[in-house]
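Novice: Dropping a structure here in structure tokens format, bear with me for questions.
The values are calculated or read from the model by the stated rules, or taken from the named source; none is laboratory data. This one's a predicted model, so the numbers in the text were calculated from it and none came from an experiment. A quick note on method: Cβ atoms are made from the backbone with ideal geometry, for glycine too, and the neighbour counts reach across all protein chains shown. Accessible surface areas use protein heavy atoms only, side chains included; no ligands, DNA or RNA. Shrake-Rupley method; radii C 1.70, N 1.55, O 1.52, S 1.80 Å.
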Amino acid sequence: MAEQIEPTKNPSERILYDIDVVAVWKPEDELDQETGSQVKLHANPYDPSYSQIPKHVFKQVTHRLVRSLEKLAISTTVPRVLIQARLKVASDRFMQLSPDCQYLAVLSDHKIEIRTSRSGFETNHAIFTSKRDRDTFPKWRRLSWSPDSKILATSRSDGTIEIIDENGSLVCVILSSTNSDVENDTQSRSSFFLEPVAFLCFIDPRRGSNKVLSFEGHVYQYELLVITFDGILRSYLINTTETAFTDGKETLFHVRPNATYSREGPSDPGYFAYYHKFSFKQWLSTTACGAVVTLNGLVLCLGGKSSFENDDETTLPSVACWMLLPERPFYRKLELEGLNCSSVDDTSHLSQGTADYSGFFYRLINIFSTWHSVNKNFTDEIIHNMVLSPNQQHLLTLDFSGTVKLWNLSLNKGLELNRSFNQSELNYFARGKEFKDLTLDEFIVKVSEIKSENGDITGIPGCDNGKVVSIGWWSNDALIFGYQYGLMIIACLPEMVNILGESPESFKSCREITSQCNNCFLVIEHEVKSVKARMINDGFVRYSREQEEDIDDEESEEAESLLGRLIDALANSLHYVTDTFLWHFENDTTESRGKIVTVSRKTYRLNLISKISPLELLNRKINALDYDDALVIAKTYDLDTDVIYQAQWQDSEVSESAIHDYLDKIHDREWVLSACIRTISNKPDLLRLLLNYGLKDTDILDNIINNGTSSNKDELIKLLREYPFEINSGVEEFLCKLQISEKDIIICKYRHYFFKYLDRLRTYEVIVEEKKKHDIENGSMEDFEENDGWVTFVDYTSTFVDDYAVFRDLNIAALAMDYATEEFFKGLNVLFTHHGSETLPYRFIILEQIPETVNPDDYESFLPSVILNSNGELVEHLRHEQPWREIDWVDNPILKQRILPDISQELEVGGIKLNPVEYPAQSTLITKWYIDRAHKIDSISGQVDKALTLIHHGIRKNVMNLETLEENLDMLAKLIYECYPNLDSVSKIMSLKEFETLTEAEIIRVFLQYTDGKRIVSDIKKFIIPFLRILPSRRARLNHVLKGNIIDKISELESEPLDLLYNYILDISLSDLELVCIVFEASKPSLNADERIIASDEDLARIALACLYGNPRTDNLQGMTRIYECLPIFDEVSDENQTSFDVSLVQNYTPYELFSLFKSKNEIQLQGIIDSLELHLKAAEILARYDNAVPLCWFLQSSNDYILQKQLCIQLTRKSGNGSENDEERFKNEDEWTLLLKEILDFHDNEKGVLSKISTEEIYKIFISSLLSYGKFNLARKIILPTDQPHPLDMTIAEQLIIDASKEFFDNAPSGDMHYGYMKLAYECLQILPISDSLQAEIEFIEATHMLTEQKVYHQPGILIHPMQIRLAPNKLDLIARLLSTNEDAYYDSKSIMELAKKLGYRDDKVAEVKVMAMLADAALRDSNLSFAYNMCIDIVKIIKTISNMRNNDKKEALLGSVKDIAWRICYEVAKQNAFQNLEKQMTLMGYALALCPGDQAADILNIWRKIDSEYRLDLIRKSNEKSLEKPKSERLKPVVERVESSLLTPLLQGDRFKSVFSRFF
């Protein structure tokens, strides 16, 4: 519960309070946010169909139409007169505080806002937006929190209940329908039917019992009581997903797809259950409100219309109480006098299984029952609101007549009426201030007099306040009343004195209030305004402020007939529809869209009324600028007045009178000093006055010194005032030990800042004037406007106050850096002159901020200079300084360090550390600064001329050691601005830093890197020659810096300056010989010496020869010839004085190596080399003509190299025959080939030419090979076999050349067809010379290759064999085997196969012949041609016989052994075939196999032979019997035996080996 307030001891004691508006709602704005700020209805002007109206707009029209007819709503539970009466007292926005006072739920049309007390209810903790349509009758809704403030229930006018949690999430929905058809729920039933809830409340399901309630096996956290106006109570048990469990053991976490339930439908076990139903109709005919009391149990109090009447036809009190029981009958009636009546179990016939009473006929009966005639005052005694006191011992009720009753509540006595207040009394309690001393009767008389004089006084505050429409509790003895016309009081019992003050608090309305919670309560204020509006394009309503007029808040309460109200409502609604929407469908929209209409604007405000202390009230008065009342409050409650004068000072303009009226009256002088520091006037004079006013209170030097222990305090004070910086050791020791209080330190700080701000003010004034002049000169004053006659410097749109507030606290050094950046040099001069102590230690960093693009002439006065001091040292020259004031004692370094210990000279501005530099500085430091600054100018801006100007100023200001930098900048400037002024790449790539790292040679290359043939001569003469001339002095100046550090530069310094130019020429000769040629042409000996680039003839010859012989390119013979023509001609000398030209020491033949070599040659040697050059150029020209160009260095390399000369000769003969394309021949006839041979022989020139190391015979061999390779066979025959001169080559050598050429053609042939391509050339090439054995062998091999190609022999499956593969085959008989295996019929042409074997190289090879015959037999065997195979075997045996008849020798035996092995195997393979039909031939072959096989194979073969013999004998016997032959068996076998014996067996049987074999079987 909320914190309770103790009873007021003095009834007349007033409370101090304040009202805050914590929230404002405008329904029209909310509608715009929901449906869009612009509602456009597009329609066809020729077809004004209503179907084109957007759905949401139509809903709004319907919604407003139904609301306008709210008085005519029909209900089955609410009497008609009650419907009309409630509309006058109910609000359409509801709110309720949670029991723990942490949340406030505010219910609007379509959403619930949950606000938190932590933010003073200003911010939303959560917002729940219902998915259902807007409520048709929002004044009939209810709202209720659970006891633990975790969930919230809200009911709609149709009886639907939505339950949400404190985070705005929907828990479940209970529909007003009693059937279980939840899926067909339409979510909203916008009609004239009302089914509202009269009372809604969460209670503990245990109902005061310690026993846990278990319903259907589940325990529930909440019980929800829902009571309708007809007195029916329905109870529901509810769990959230966090609280659901079964028997308190297992938590349920199943997901509910649809948490919507019917009013009396089935349960969702563990989450939702319809518990029971109860009826209060026998006690209350109509129930309108209720409350639950927790006093040693639960008591339910209900208010409404009693069902009983006394004898005088007056009804009994319309409030009754029931005890809530944990078990049936669940409710027990408590009598007003405390007597218990008998318990009535009204749940027996209202159980869960009752019939559906929501049907059409039931509702129709109930509708007529609520329309029964009643008396005029039927609703007056109906209680529509009741509120429990904080201690729950009293109940406050309000009925429709406006009567408020106070009841005592106890379990023993039930309800007991304490007091009753009628409308007159309640109106008296809220009387105005002018009527505060009147009694009730006097007040009533006074009101009557005013009414008789002025007529209608309705709604006059304090006089006629209307009925009480809302009630609440401030404390246990203070009541809150809200009146019909917006007044509100807190009346303290028992005198009912308004403790808010002498007058009631006024609102636009106060129909919805809360009771006190944490010393505050809330009121929802409803305001209605009538404004003029104009309808413009697309239906927008734009309100005109000039035409807005306030109208009365409340609705007219004049009595009207039912029919009249119906007609007016329908007319108003239709008028709204037609005026607002239907004009969109008119054809002519211009007239209606300009119509001015009157529109009502509603505004809801949530007001927080909170109790405050006198001090808080004082602060609120000050915040409201009500200083007079604040002074009164301060004097009344004895509060400090400083805060008032301080607020007045802060709220007033700075002036002399304000200083005396406010600052002089403030006792806290430290605050005054702070105010003088913080306050900035808009006028400098007033600001100076304020600063001086504060300064005069800070001169406390005497007080500070007097705190110390010293005998000469007066002298010390005088010293510090006159000479603050002249301190000795004694003064320093005293000041360091001096005890300074914290208060004095603060005052000293203020004094320091007063001086600082006064100085800054004067500086600011001067700078602003200078800034104005500066901006006028620069043309930046076009948008200038004065601010109170003052020109600001930061921003011309800002004021002096804003500008100076920034300026006075700026770091002066940082400001100087800004001025330097902005090129505001006059302002910078002001800072250096008047604030030298703050700027000069950082002068170098400040000057560094000047943009590098600024001309140094503009800031020349700020550049440091050097002078010679009295000691003869070079030091910095001091600037002129002029501080604004003399130094004060507070500026003493020791005191300043103690006052401002955190101030350090090392600062950081924008990431730049400001380190102080000694002043004046040494000369070396200044030199370094100039050098660094020049580099920075170049690196950032790239403007070398600016850096050069800076160095010129430094030299004029006596700064030392800048000459080298000046030279570098001068050369760099020439490079950028003169040499290549139009090339951005040079200025971007080359910086001063990079230029300084260049060597002397690199400098030359940089100057000439983009030169060309038109300007190279002028560039060298304009830039390079002058640079070479200053090198001696430059080297002398740099020698001591470079010595011992950079070795390559030392070596460069020792070389001659002209060598740099020569090396450059050697460099570019490799890439651009044309430029070198131009340089040499500009150095011809025929030119004058001063016009030549290279003046020395010897140097010209040396470097030209090095360029020519060191150039690897072959495509610029014309340029080389031009260079040759530029060479000098030296006088000839005798041969004995000439020296040889040895190039053996040259390795890479680079121009540098050759130049080094030529530098040692004298004129005679140079002339000899020049002569050789002429011969080499001619030879190079000939070689180039045949596309065999070689660099000139080749002639030097190959002069004694046989291999190189031979390679050249081969290339010349091979490549010369080809044209520019490989398929095209260069030479069209034989004469051109003959000319080539002649020129090659001329290169030999009797061993004096460029091919001197190759013999004539070698040249002919190379040339003839080339001819053969090109297929020039006729020309080759003519050269090999000339008719008019000796043969140039021996025939053996010539024959080998032809065979090699033929093999080359053969190897390159893609096919073995000798009638086409390379194979044809290989065959024809062999026909050049008379046929010899070697040539014949090659010819036959080509023919064999041709045969294999025709037979399509494959190397691999799908790949034909290549000629090269035929030549490289290790066993060429395998090719025949492959031929027979791939071509099944090839064995028939056995003669061709045998001839093929001979041509493959086996012409006289008997073994190869037998192998081929065996292959043929095997092929026939595979083709089942046993007859052919038999014949081949017989032929093989014949060959064996022939070999056997040869002369005996070792070769014979080896040959015989090889052929026998082949013979017996093929005979055996043929003889063992089962398909053999001729047994006689089979026995013959098997006999040959038996005779020729090795001994280890004889037994097996013999067995087969005997088997065949047996079959043969049986065959003969069978045939003999068939033919009745009478010859004996021996005679029939005789021919076979005789043939075997005669051929092989008889000779072989004579051997012991065969006889031993036969002995096993016979």
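Novice: Any residue at all in the stretch 1394-1403 that's touching a residue at least 40 places away in the same chain (Cβ under 8 Å) and either in contact with a Pro (Cβ under 7 Å, 6 or more places away or on another chain) or within 29 Å of MET1486 (Cβ to Cβ) (or both)?
Specialist: No, because not a single residue in the stretch 1394-1403 is touching a residue at least 40 places away in the same chain (Cβ under 8 Å) and either in contact with a Pro (Cβ under 7 Å, 6 or more places away or on another chain) or within 29 Å of MET1486 (Cβ to Cβ) (or both).
Novice: Still on this structure, please answer the following. Would you point out which residue out of THR1442, THR1382 is β-branched (Val, Ile, Thr), open to solvent by 30 Å² or more (accessible area, probe 1.4 Å) and without any contact (Cβ under 8 Å) to a residue 24 or more places away in the chain?
Specialist: THR1442
Novice: Something else about it: Only one of these is open to solvent by less than 50 Å² (accessible area, probe 1.4 Å), aliphatic (A, V, I, L, M) and closer than 19 Å to ILE899 by Cβ: ILE745, ILE767. Name it.
Specialist: Testing whether each residue is open to solvent by less than 50 Å² (accessible area, probe 1.4 Å), aliphatic (A, V, I, L, M) and closer than 19 Å to ILE899 by Cβ leaves just ILE745.
Novice: Determine whether the stretch 59-77 contains at least one residue that is at pLDDT 65 or above, aliphatic (A, V, I, L, M), over 24 Å from PHE128 (Cβ atoms) and open to solvent by less than 30 Å² (accessible area, probe 1.4 Å).
Specialist: Among the residues of the stretch 59-77, at least one is at pLDDT 65 or above, aliphatic (A, V, I, L, M), over 24 Å from PHE128 (Cβ atoms) and open to solvent by less than 30 Å² (accessible area, probe 1.4 Å), which makes the answer yes.
Novice: Now for a different question. Among (1) touching a residue at least 24 places away in the same chain (Cβ under 8 Å); (2) within 14 Å of GLU425 (Cα to Cα); (3) crowded, with 19+ Cβ neighbours inside 10 Å, where does PRO494 come up short?
Specialist: Going through (1) touching a residue at least 24 places away in the same chain (Cβ under 8 Å); (2) within 14 Å of GLU425 (Cα to Cα); (3) crowded, with 19+ Cβ neighbours inside 10 Å one by one, PRO494 breaks only (3).
Novice: Still on this structure, I have one more. Can you name the condition, by its number, that SER188 falls short on among (1) open to solvent by less than 60 Å² (accessible area, probe 1.4 Å); (2) at pLDDT 85 or above; (3) not charged (D, E, K, R)?
Specialist: (2)
Quick grid of which residues meet (1) touching a residue at least 40 places away in the same chain (Cβ under 8 Å); (2) farther than 26 Å from THR763 by Cβ; (3) assigned to a helix (DSSP H, G or I):
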| position | (1), (2), (3) |
| --- | --- |
| LEU639 | no, yes, no |
| VAL643 | no, yes, yes |
| GLN648 | no, yes, yes |
| HIS667 | no, yes, no |
| TRP671 | no, yes, yes |
| SER674 | yes, no, yes |
| SER681 | yes, no, no |
| LEU686 | no, no, yes |
| TYR693 | no, no, yes |
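Novice: Could you look through the stretch 655-679, keep only residues that are in contact with a helix residue (DSSP H, G or I) (Cβ under 8 Å, 6 or more places away or on another chain) and closer than 17 Å to ALA805 by Cα, and pick out the one that is surrounded by the most Cβ atoms within 10 Å (Cβ to Cβ)?
Specialist: CYS676
Novice: Another question about this same structure. Regarding THR251, is this residue open to solvent by 20 Å² or more (accessible area, probe 1.4 Å), of a type in the set (S, T, N, Q), at pLDDT below 90 and touching a strand residue (DSSP E or B) at 6+ places or on another chain (Cβ under 7 Å)?
Specialist: Yes: the conditions hold for THR251.
Novice: Which count do you get for residues in the stretch 1246-1281 that are farther than 30 Å from SER1172 by Cα, touching a helix residue (DSSP H, G or I) at 6+ places or on another chain (Cβ under 9 Å) and open to solvent by 60 Å² or more (accessible area, probe 1.4 Å)?
Specialist: Here the count works out to 2.
Novice: Something else about it: For the stretch 1476-1527, give me each residue that is over 25 Å from LYS1438 (Cα atoms), exposed (fewer than 13 other Cβ atoms within 10 Å of the Cβ) and touching a residue at least 24 places away in the same chain (Cβ under 8 Å).
Specialist: Answer for the stretch 1476-1527, where residues must be over 25 Å from LYS1438 (Cα atoms), exposed (fewer than 13 other Cβ atoms within 10 Å of the Cβ) and touching a residue at least 24 places away in the same chain (Cβ under 8 Å): just ASP1515.
Novice: Under 6 Å between Cβ atoms, which residue pairs at least 6 apart in sequence (or on different chains) link something in the stretch 440-458 that is of a type in the set (Ser, Thr, Tyr) with a partner that is open to solvent by less than 70 Å² (accessible area, probe 1.4 Å)?
Specialist: If the second residue must be open to solvent by less than 70 Å² (accessible area, probe 1.4 Å), the pairs left are THR458/ASP464.
Novice: Another question, then. Is there a residue being open to solvent by 60 Å² or more (accessible area, probe 1.4 Å), in a helix (DSSP H, G or I), modelled with pLDDT under 80 and of a type in the set (Asp, Glu) anywhere in the stretch 773-792?
Specialist: yes
Novice: How many residues, within the stretch 470-507, are assigned to a loop (DSSP other than H, G, I, E, B) and within 20 Å of LEU104 (Cβ to Cβ)?
Specialist: 1
Novice: Also: Taking the stretch 690-723, which residues are surrounded by 12 or more Cβ atoms within 10 Å (Cβ to Cβ), more than 60 Å from the chain's Cα centre (by Cα) and of a type in the set (Ser, Thr, Tyr)?
Specialist: Answer for the stretch 690-723, where residues must be surrounded by 12 or more Cβ atoms within 10 Å (Cβ to Cβ), more than 60 Å from the chain's Cα centre (by Cα) and of a type in the set (Ser, Thr, Tyr): SER710, TYR723.
Novice: I need the helices (runs of 4 or more DSSP H) fully contained in the stretch 989-1080, keeping only those with at least 3 residues that are modelled with pLDDT of 85 or more and crowded, with 17+ Cβ neighbours inside 10 Å.
Specialist: Ranges flagged: 1000-1007, 1016-1019, 1025-1042, 1057-1069.
Novice: Just a yes or no: is a residue in the stretch 1282-1296 open to solvent by less than 10 Å² (accessible area, probe 1.4 Å) and among the β-branched types (Val, Ile, Thr)?
Specialist: Checked against the condition, which is being open to solvent by less than 10 Å² (accessible area, probe 1.4 Å) and among the β-branched types (Val, Ile, Thr), the stretch 1282-1296 yields no hits at all.
Novice: Which pairs turn up if I take residues in the stretch 1078-1097 that are under 18 Å from ILE1068 (Cβ atoms) and look for partners that are part of a loop (DSSP other than H, G, I, E, B) and β-branched (Val, Ile, Thr) with beta carbon separation below 7 Å, at least 6 apart in sequence or on another chain?
Specialist: VAL1079/ILE1093; ALA1082/ILE1093; SER1083/ILE1093; SER1083/ILE1094
Novice: Can you confirm whether GLU726 is open to solvent by 90 Å² or more (accessible area, probe 1.4 Å), at pLDDT below 80 and either assigned to a helix (DSSP H, G or I) or under 27 Å from ASP809 (Cβ atoms) (or both)?
Specialist: Considered against the rule, which asks whether it is open to solvent by 90 Å² or more (accessible area, probe 1.4 Å), at pLDDT below 80 and either assigned to a helix (DSSP H, G or I) or under 27 Å from ASP809 (Cβ atoms) (or both), GLU726 comes out as no.
Novice: Collect the residues in the stretch 385-407 that are at pLDDT 90 or above, of a type outside the set (A, V, I, L, M, F, W, C) and touching an Asp or Glu at 6+ places or on another chain (Cβ under 7 Å), keeping them in residue-number order.
Specialist: ASP399
Novice: A follow-up question, please. Consider LYS928 against the criteria (1) under 30 Å from ARG879 (Cβ atoms); (2) open to solvent by less than 60 Å² (accessible area, probe 1.4 Å); (3) charged (D, E, K, R): it satisfies all of them except one. Which criterion is unmet?
Specialist: (2)
Novice: As an exercise: evaluate VAL1353 against (1) open to solvent by less than 10 Å² (accessible area, probe 1.4 Å); (2) in contact (Cβ under 8 Å) with a residue 40 or more places away in the chain and give the number of the one condition it does not meet.
Specialist: That leaves (2) as the condition not met.
Novice: Which of the residues belonging to the stretch 641-654 are loosely packed, with under 13 Cβ neighbours inside 10 Å and of a type in the set (D, E, K, R)?
Specialist: Within the stretch 641-654, ASP651, GLU653 qualify.
Novice: Please work out if ASP47 is open to solvent by 40 Å² or more (accessible area, probe 1.4 Å) and either part of a helix (DSSP H, G or I) or modelled with pLDDT of 85 or more (or both).
Specialist: The answer is no for ASP47.
Novice: Let me ask you something else. Criterion first (closer than 15 Å to ILE1170 by Cβ, part of a helix (DSSP H, G or I), more than 60 Å from the chain's Cα centre (by Cα) and at pLDDT 85 or above) does ILE1129 satisfy it?
Specialist: It is false that ILE1129 is closer than 15 Å to ILE1170 by Cβ, part of a helix (DSSP H, G or I), more than 60 Å from the chain's Cα centre (by Cα) and at pLDDT 85 or above.
Novice: For residues that are part of a helix (DSSP H, G or I) and open to solvent by 20 Å² or more (accessible area, probe 1.4 Å), scanning just the stretch 1356-1373, find the one that is farthest from ALA1408 (Cα to Cα).
Specialist: The qualifying residue farthest from ALA1408 (Cα to Cα) is MET1364.
Novice: Does the stretch 1176-1211 hold any residues that are assigned to a loop (DSSP other than H, G, I, E, B) and open to solvent by less than 70 Å² (accessible area, probe 1.4 Å), and which are they?
Specialist: TYR1186, ASN1188, ALA1189, VAL1190, PRO1191, SER1198, SER1199, ASP1201
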